[in-house]
Amino acid sequence: MPEKDNEKINVKSNDKNSEKFISIIYNQKNDSPKYFELKKSKLLLFVIGLPTITLIALTLGIIGLVHTSPFHLIDTYKQNSMAREAIAKTTSLMNQVQNSEEEKAALIKKLAEAENQLKTVSGKSEAAPEAIDAKTTVPAATSALKCPTGAVNSIGLTTLSLFRPIQGQRDRTRPAILNLSGFKVIGNRDTTNFQFNIIPGGENKLAGHIIVLMKNELTIQVYPQQALSGSDTQINYSSGEPFSTQRFRPVDASFLKPRKPGNYTFTIYIFAKNGDLIHYQSVILPVKF
């Protein structure tokens with residue numbers, strides 16, 4: 001093979017075609033010179049076009065690698081997992097809300113049935129009231145009291161069949177001269193305590209006696225317990241807890257712990273010193289152990 005020497009490239013521009021062509025004379029040792037002509041546009045394509053195309057291709061390749069890299073795939077998987085988890089939680093909450101609505105409807109239905117049964121038992125007991133034993137725990141059918149739930153109710157003295165009648169006794173529940181608030185039930189080891197507050201409606205001093213009944217569909221208890229400690233089966237208003245207040249009076253009525261928990265009706269009777277009925281109110285509260 002012929003030995004190659006240093007290469008020499010001479011570039012000459014023709015006067016006539018200097019604007020369109022570039023002439024190249026290529027000399028190599030032991031070989032005749034070679035002459036080439038190239039268009040400027042082709043030279044620009046090689047010098048500028050190819051590097052530009054290569055740069056664009058590299059940029060697109062890098063972008064593709066970023067979007068298909070393991071880190072991007074892991075991030076996408078995490079986002080999809082979070083979305084699936086959020087959808088699952090939302091579905092679970094919707095199911096819980098639907099179950100709660102169904103349970104609420106069932107409880108409302110049961111409460112309505114219980115109220116109807118209570119009204120039926122109360123109506124029968126008014127026709128034939130039974131005696132109450134000295135332990136103050138009796139069947140609910142002996143109750144001759146109508147105990148609506150809510151605010152002050154004027155019931156009339158003729159419905160107080162559990163109480164010993166007094167000559168000249170009046171019903172002064174209307175208009176209301178006091179308010180009751182802060183109802184709560186506290187369960188102890190051997191007793192159940194029903195607490196509330198007496199708030200007079202005016203500036204005059206109030207005094208009298210407090211009697212509270214606790215009952216459900218099976219039993220009735222009386223506070224104070226000594227209200228039925230004698231041989232008489234009717235309650236004397238004067239055996240109630242005495243009170244005297246002008247601004248505020250807390251009451252803590254203690255009952256024997258019932259055999260089972262549940263919703264109990266607490267009925268409050270407040271008598272004046274002369275025996276007039278000045279307040280009557282019933283509330284239904286849960287008794288828990």
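Observations
- Footprinting exposure proxy ranking of M94, M214, fewest other C-beta atoms within 10 angstrom first, gives M94, M214.
- Label-to-label distance, nm, for residues given as S238 and E115 (7 Å Cα→Cβ offset): 4.0
- Ranked by the mean number of other Cβ atoms within 10 Å of their residues, highest first, the peptides 165-178, 269-282 fall in the order 269-282, 165-178.
- Take 189-195, 206-212 and order them by the average number of nearby Cβ atoms within 10 Å per residue, most first; the result is 206-212, 189-195.
- Shape call, the stretch 209-289: gyration tensor on alpha carbons, a/c limit 1.5: oblate
- Segment N188-S92, extension gain: residue separation times 0.36 nm, minus the distance between their alpha carbons: 30.7 nm
- Spin-label model, L218 to Q79: label points 7 Å out along the Cα-to-beta-carbon direction sit 6.2 nm apart.
- Remark: spin-label model distance K288-L58 equals 7.3 nm, labels positioned 7 Å along the Cα→Cβ axis.
- For the residue pairs K89/K110; K89/K109; K119/K184, alpha carbon separations beyond 27 Å are given by K89/K110; K89/K109.
Each value in this text was obtained by applying a stated rule to the coordinates, not by laboratory testing. Quick caveat: nothing in here was measured; it's all calculated off a predicted structure. Methodologically, a virtual Cβ is constructed for each residue, glycine included, from the backbone with ideal geometry; neighbour enumeration extends over all protein chains shown.
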